[in-house]
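Computed from the coordinates by the stated procedures, all read-outs in this text should not be read as laboratory data. What you see is a predicted model, and the numbers here were worked out from it, not measured in a lab. Here Cβ is always computed from backbone atoms with ideal geometry, including for glycine, and neighbour counts include all displayed protein chains.
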Amino acid sequence: MSSLQPETDCTDTPSATPASETPLIQLRDVSKVYDLGEVKVEALRPITLTIDRGEYVALIGPSGSGKSTLMNTLGCLDRPTSGSYLLDGEEIVDMSNDQRARIRNLQIGFVFQNFNLLNRTSALENVELPLLYAKHITARQRHQCATELLEKIGLGDRLDHHTSQLSGGQQQRVAIARALVNEPSILMADEPTGNLDTRTSTEVIDLFRQLNQEHGITVILVTHDQDVARNAKRTIVLRDGLVIEDTADHEKAIEALHSHLPG
Ligand code: ADP
Ligand code: MG
């Protein structure tokens, strides 16, 4: 297995714990209720699931089914209303905002539909940005780490291009490099191809597959795009805040997506 880890040491933290018996993600009876005063929205009804290291999971479901809520919960951005969430064996639910932020920085890289890159800023600077928070890294190391990563994902000839000078697919690859520069164990993406045409989506889909297969990164993404979902090894189908299917068989997942529940 080749490594995405640059020769330069890019983090000021010990590398993630070596693979252990503990599942990476364990949700038990996790629910999320948005309390809007008059109405309470049950965005997630009690969900129990496990995701192991090295998995590639697609979350699919109709709009409003709770995909983003589940993703934000898994990504430690949001706290569930009830239940238990063990990430690498650590209980997230009881943590303070600061503690959750620390875990996020160590473990998780995020990719968004709108890329969320800084404008008028080079690809290289965008990727260097997360390393500014790593105290023991010099500017030179930051530069080196970001350069190596961009080279590895095929953008070595675009280092100094500004965001606006890159195609959508290239911008999303820069965003993926930025998500990876802190060497997280999990890459999470919410509709990563939502703003891309079919051809550029393919670049991004290929990159996710490569990161998962060749580099062992756990990938969890939300998608409407069947080509993206088909690429994942496991598909979880949500409806009305419930998991209605959880399968390695893509066709079965699509069937569940289009099925109508009795009642
Ligand atoms: P999806 O990503 O599948 O479209 P979401 O997770 O965004 O679904 O939303 C699930 C449900 O929770 C929806 O009914 C949505 O309206 C509601 N919801 C999401 N975020 C909030 C919020 N911040 N406040 C109130 N309701 C919300
Ligand atoms: Mg959503």
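Grab the other residues whose beta carbon is less than 12 angstrom from that of Asn231, score K and R as +1, D and E as -1, and report the net. Walk me through the numbers on the way to the answer.
On the way: positive: Arg209, Arg230, Lys233, Arg234; negative: Asp206, Asp225, Asp227.
Residues near Asn231 contribute +1 overall.
3J(HN,Hα) along the stretch 94-102: 8, 6, 6, 4, 5, 5, 5, 5, 5 Hz, from the Karplus curve 6.51 cos²θ - 1.76 cosθ + 1.60 with θ = phi - 60°, whole Hz, x for Gly and Pro. Remark on Gly109: its backbone amide H falls under 5 Å from those of Ile186, Leu187, Met188, a criterion applied only to residues 5 or more positions apart or on other chains, H modelled at 1.01 Å from N.
Pull out the extension gain between Glu255 and Arg230, defined as 0.36 nm times the separation in residues minus the alpha carbon to alpha carbon distance; nm, one decimal. Walk me through the intermediate numbers first.
Details: separation 25, 0.36 × 25 = 9.00 nm, distance 1.31 nm.
Length difference between fully extended and current span is 7.7 nm.
Beta bridges per DSSP, both residues in the chain: antiparallel share near 55 percent. Between Ser164 and Glu38, the distance separating the two model label sites (each 7 Å from Cα on the Cα→Cβ line) works out to 4.4 nm. Quick one: go through the stretch 39-56 and flag any residue whose amide nitrogen is under 19 Å from the point 7 Å out along the Cα-to-Cβ line of Leu242. 40-50, by backbone N distance to the label point.
Quick check: the angle from helix 198-215's long axis to the longest principal axis of the chain, C-alpha only, nearest 10 degrees? Compared with the principal axis, the helix lies near 90 degrees. Computed over the stretch 25-258, the Cα gyration tensor eigenvalues convert (square root of 5λ each) into semi-axes of 30, 21, 16 Å, ordered from largest to smallest.
Among the lysines of the chain, pairs that are 8 or more positions apart or on different chains and have alpha carbons within less than 20 Å of each other number 6.
Note on the chain: with charges restricted to the Cβ of Lys and Arg (+1) and Asp and Glu (-1), its dipole about the Cα centre is near 320 debye. The local environment of Leu86, defined by Cβ-Cβ distances under 15 Å, has a net charge of -3 under the rule Lys, Arg +1 and Asp, Glu -1.
What does the charge add up to near Gln210, with Lys and Arg as +1, Asp and Glu as -1, over the other residues with Cβ less than 15 Å from its Cβ? Net charge around Gln210: 0.
Seen against the Cα atoms of the chain and their longest principal axis, helix 168-180 is set at about 90 degrees. To the nearest ten degrees, helix 139-152 and the longest principal axis of the Cα atoms of the chain are 70 degrees apart. Using the Karplus relation 6.51 cos²θ - 1.76 cosθ + 1.60 with θ = phi - 60°, the per-residue 3J(HN,Hα) values for the stretch 26-37 come to 10, 9, 10, 6, 7, 10, 9, 10, 8, 9, 9, x Hz, with x marking Gly and Pro.
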